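**Student:** Take this structure, written in structure tokens, and hold onto it; I'll ask about it next.
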Amino acid sequence: MELLNLLIQNLGVNAEQAKGGAGLIFQQARDTLGDGDFGKIAAEIPGISDLLNAAPKSSGLGGAIASMTSGFGGGLEKLGGLAGLAGGFSKLGLESDMIGKFIPIVLTYVQSKGGETIKNLLAGALK
């Protein structure tokens, strides 16, 4: 898969880490956007279901944090998603700073497949 090759070549991760990390990013987008908007992204990305299935299963901590912070407003609900991403990356043997390295590559790839609108939809879900 083209995306996995980009991640492996640019970041020096292995295939499992590339697949799982990309899957975590798309999973975060799906959780944030819901099925409707995420479906627009998924329609443009070949093999996205394989990526989602490769994402490490979360401990539920991210969702619990999101639930606790959602009432505070001001974007604190995103904290749960970020905690979930960091936990998932840790399960892949990757430091949390790798999230910031994965995202631009994934966004560039998504733009090459679905255009600027689809890229912006994904980017908005990851802010």
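Here, each number is a calculation from the coordinates, and none is a lab measurement. Everything numeric in this text was worked out from a predicted model, so none of it was measured. With ideal geometry, Cβ positions are generated from the backbone for all residues, glycine too; neighbour counts draw on all protein chains shown.
**Student:** Quick one: length gained pulling LYS127 to ASP97 fully straight, 0.36 nm per residue minus the C-alpha distance?
**Tutor:** Taking LYS127 through ASP97 to full extension adds about 9.3 nm, to one decimal.
**Student:** A follow-up question, please. Test of understanding: what is the full-extension gain from GLU116 to ILE8, defined as 0.36 nm times their sequence separation minus their Cα-Cα distance?
**Tutor:** 36.5 nm
**Student:** While we're looking at this one, here's another question. Local charge sum around LEU122 (other residues, Cβ-Cβ under 12 Å, Lys/Arg +1, Asp/Glu -1)?
**Tutor:** +2
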